[in-house]
Amino acid sequence: MPMADAIDAPPAIRNRLKKLGLERLDDLVLHLPSRYEDETQITAIAGAPTGVPLLIEGRIVDVTVKAAPHRQLVARVGDASGDGSVLDLRFLSFYGSQQRVLENARDRGQRLRVFGEIRCGYCGPEMVHPRYRVVTEDEALPQSLTPVYPTTAGLSQGALRRLIARALEDADLVELLDEAWLSSHSLPSFASAVTLLHAPPRTLGVDALQARSHPAWRRVKFDELLAQQLSLRHAYLARRRKGAPVLLAAGKLAGRLAAALPFFLTGAQRRVVAEIAADLGQPHPMQRLLQGDVGSGKTIVAALAACQTIEAGYQTAFMAPTEILAEQHFLKLRAWLEPLGVELLWLAGGLPKGVRRERRLQAATTAQLIVGTHALIQESVDFAHLGLVIVDEQHRFGVRQRLELRRKGGNPHQLMMSATPIPRTLAMTYYADLDVSVIDEMPPGRSPVRTRLFSDARRDEVVAAVRALVGRGRQAYWVCPLIEESAKLDLQAALDTHAALGVALADHRVGLLHGRLRSEEKAAVMAAFVAGEIDVLVATTVIEVGVDVANASLMVIEHAERFGLAQLHQLRGRVGRGSHESVCVLLYQQPLSAAARARLKVIFEHADGFEIARHDLHLRGPGEFIGSRQSGMPLLRYADLDADADLVEFARVQAVRMLRDDPARARRHLQRWLGNRDELLKA
Ligand code: ADP
Ligand code: MG
C-alpha cells in the first residue's frame, strides 16, 4: 500500500475502520452515507410535527433523575424563542457525565441544539434519546445536510465524519473518465460527486438524496459498475492469454454418437454444439456457460463435447453436485459411449478408500471420461491429460468454486451447465467473464406441465389423485422439504410421509429417497424407480436437480411455500419429460407469508425459466440470487442491478474502451474501488 494512501489515525481507530473495510483514503472517500439528516433549519417546539426527524433549539429549564418506573434522566428544554413551549428529552440509560453536561447547561443558561423525532409523551411532547449539542449564542446553522454513515462500535459518527472530511482533502480525486463523455451522459466529475454526497447542500433535500437517483449517486454507481466490469474483463483477457490444449477432431466419435441416438438434435442443440466445438479448437481455455431450461437436453450436448475431447486424445471430467445426479449421468453416458469404445470411470466420494485410490490411478492414466461429484475437484485427482471439465448444474457450485476450478491444474477447457437462467443484468455483471451459449428450444413432443395449488387441508384429494395416476401405470414424485434448522426433523418428515402414503396407497409400491442413505442404497432406490418397480417416490430435495424419468408425470411438493423459486422450477422440471400430460401439485401450509405468496404466484403463472429467474432476482436481489455469501466476489454496494440497468450497459462499453485505450487509468480506477481486494486481478 503506498504510504500516501494510508489513513493517518491512532491504531485503535484504524482497527475499527478496518472492521468496516476502510484501510485507505480511497476507502474513506467511497464510504458513502446510508442516509442524511437535515440539521440546517430550526423548528419551533410549538406546532412541531411528530414522528419526523427535526432540529429544535432551546435552553434547559429543568434536569431530573426519575427513579420510577425506571431510573431515567429527563431534561426539559424551553424553546429558544421564549414563547414558553417546552419539550422533554428522555434518556432511559445515561451516564453521570451526561447529567452533568445538561445541568451545567441549565445553570449557565446555554443554548442546546437537539435533533430527534418528537412523540407525544405523558407530560407533553418529548424526544427519546435525541442527539444534542451545546452551542454558542450565535452559532451558524450548517449549510449542508448531515451524513449518517454505516459504522461500528467505538467509532462515532462525529469521528467518522472528521476522518472522511480529511480524506476528501488528502485523497487523490483525479478524474479518470473522459470529461466529454461524462457531460454527454449528464454525470458529474468524480470529485464533485463524492464531495456532494458527503456534504450535500441543504437545498437538495433529504428525500431526493435518499432516493439515490441524483446525478452524483449515478456517477458513483456507474464507477462501481465500471470497476466490476474492468475486473471481469481483465480476468477474461487474462484467460485468453493462457494456453490450453487445442482439441481438434474430425468428429468421427461425435458422429457415431449422434447416429446412435433415438432422437435428432434440436436446432438450438446443434447451434450450441457448434459454438462449443469451435471453442475447444482454440489454444486458450474455453469458459462457457451452457444455459438451457430444465429438460432442454444439455447432457447430450456435453457428451458431444466430450467426444471431441476424447477423439483429440484428451480426458474429460464430468462433475455433478450430487451423487445421485452424477450417477444418473454416469449411467446415461456409459450407455451412450461404452458401445463406442470409450473408457469411462465412476469416481465419487462414497467409494471405499482403496477403490478410490485405484480409480484415481486410472484417472491419472487411461480413463477417457471421468464422471463424479465435486469430490473430483476436492481430492486433487492427477489427471494425465485433462482437456475438458464439464460442470453440471453450475449454479450449485457458486462463483468461488468456479474460480477454484480455474486455478486447478493446467488450464483445461470448461463447460458449465445451468438450468437456472441468469437474468440479463446479472449475466452482464457477475458472469461477464464467461461466454454464454443458450438452448432456447425444447425437444419436440413435450407436454407442458400443469401447476396446481392446494392448501394442505386438501391433502386427501391429492393422495386420491396420486392413487388414480399410479393406477394408470404412471409414476409420481412426492417431495418433502429440507428443514434447514434440523436435519433430524427433515428426515422425520420424509419418514412420516413415506409411512402415511404407504398406508394410503397400500396396493402400490412407495419408495423413499433421502440424503442420509448410503450411496449404494440411494442408487438402488433410484434404479428401482427408473425401472418402474417403484410407483411413488417420496424424496427430500436430493432429487432436485437433473433426475430424468420419463414415465413420472406427477410431482407433489409438500410445504411448497418453503422452497425458493429456482428449486420449485427445478423440481417441477422433473416431470413433463415424456409424452404424458403432467401435473405439478404445490401443497402449501397456511398462513402464507407475503414473500411465500409472491413466490407461489410466480411459479403458478410462469413456466419459462427465464421469466422465473427474472422474478427471482427481483424478489431476492442479486446477492441472494448468486449465493454471494460464499462467492467471495466483491458485491455491489451502491448500484442496483434492477434500477440501474442502463448504467450496467454503459459500464460495459466503457470498460472495454478503457482497457484498450488507457490501461493505466483502468488500473487506477480498479485500485480506487477494489484496492487489494480484487482477487480477479491477481488470478
Ligand atoms: P437437461 O437440460 O435438463 O439436463 P437432459 O439432458 O436431462 O435435460 O434431457 C432431458 C431428456 O430429453 C433426456 O431424456 C434426453 O435424452 C432427452 N433429449 C435430449 N435432447 C433431445 C432431443 N433433441 N429430442 C428428444 N429428446 C431429447
Ligand atoms: Mg441436466
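If the chain linking Asp456 and Arg166 were pulled fully straight, counting 0.36 nm for each residue of separation and taking away their Cα-Cα distance, it would gain 98.3 nm. Under 1.5 on a/c is rounded, so check that first for region 78-180, then, if it is not, pick prolate when a/b is larger than b/c and oblate when it is not; a ≥ b ≥ c are the square roots of the alpha carbon gyration tensor eigenvalues. Because a/c hits 1.5 or more and a/b exceeds b/c, region 78-180 counts as prolate.
Can you give the local net charge around Ala528? Use residues other than it whose beta-carbon is closer than 15 angstrom to its beta-carbon, Lys and Arg +1, Asp and Glu -1. Around Ala528, the charge tally is -3. Once the dipole of the chain is set up with Lys and Arg at +1 and Asp and Glu at -1 on Cβ about the Cα centre, which of Val525, Ser231, Ile13 lies farthest towards its positive end? Comparing the listed Cα positions along the dipole, Val525 ranks first.
Going 7 Å from the Cα of Lys242 in the Cα-to-Cβ direction, what parts of region 414-448 have a backbone nitrogen less than 18 Å from that spot? Flagged as within label range: 414-417, 431-436. Which angle from 0 to 90°, rounded to the nearest 10, does the C-alpha axis of helix 96-108 make with the longest principal axis of the chain? Between the helix axis and the principal axis of the chain, the angle is about 30 degrees.
Among Ser418, Ser519, Ser186, Ser231, the ranking by other beta carbons within 10 Å of each residue's beta carbon, starting with the fewest, stands as Ser186, Ser519, Ser418, Ser231. Across the chain, the mean sequence separation of Cα contacts (distance under 8 Å, 6 or more residues apart), normalised by length, yields a relative contact order of 13 percent.
Under the classification rounded if a/c is under 1.5, otherwise prolate if a/b is larger than b/c and oblate if not, where does region 48-137 fall, given a ≥ b ≥ c as square roots of the Cα gyration tensor eigenvalues? Here region 48-137 falls in the oblate category. Counting beta carbons within 10 Å around each of Val470, Val206, Val61, Val220 and listing the fewest first gives the order Val61, Val206, Val470, Val220.
About its Cα centre, the dipole of the chain is roughly 1160 debye, where the only charges are +1 on Lys and Arg Cβ and -1 on Asp and Glu Cβ. Considering only Gln72, His514, Met417, and ranking their Cα positions along the charge dipole of the chain that arises from unit charges at the beta-carbon of Lys, Arg, Asp and Glu, the one farthest toward the positive end is His514. Estimated at 0.36 nm per residue, the fully extended path between Leu204 and Ala153 surpasses their Cα-Cα distance by 15.3 nm. For the residue pairs Lys298/Lys522; Lys242/Lys298; Lys252/Lys332; Lys332/Lys601; Lys252/Lys353; Lys221/Lys298, the alpha carbons lie more than 31 Å apart in Lys332/Lys601; Lys252/Lys353; Lys221/Lys298. The calculated FRET efficiency for Ser184 paired with Ala598, based on their beta-carbon distance and R0 = 45 Å, is about 0.70. Note on Thr365 and Arg562: the model spin-label points, each 7 Å out from Cα along the C-beta direction, lie 4.9 nm apart. Phi angles across region 276-283 convert, under the Karplus curve 6.51 cos²θ - 1.76 cosθ + 1.60 with θ = phi - 60°, into 3J(HN,Hα) values of 5, 4, 5, 4, 5, x, 8, x Hz, Gly and Pro given as x. With the charge dipole of the chain set up from +1 on Lys and Arg Cβ and -1 on Asp and Glu Cβ about the Cα centre, the Cα lying farthest toward the positive end among the listed residues Gly313, Ile56, His606 is that of Gly313.
For Arg35, the residues whose amide H sits under 5 Å from its own are Val148, ignoring neighbours fewer than 5 places away on the same chain, with H placed 1.01 Å from N.
Rule-based calculations on the coordinates, nothing more; no lab input. Since this is a predicted model, take the numbers as computed values, not measurements. In this analysis, Cβ positions are derived from the backbone assuming ideal geometry, glycine residues included, and neighbour counts consider all displayed protein chains.
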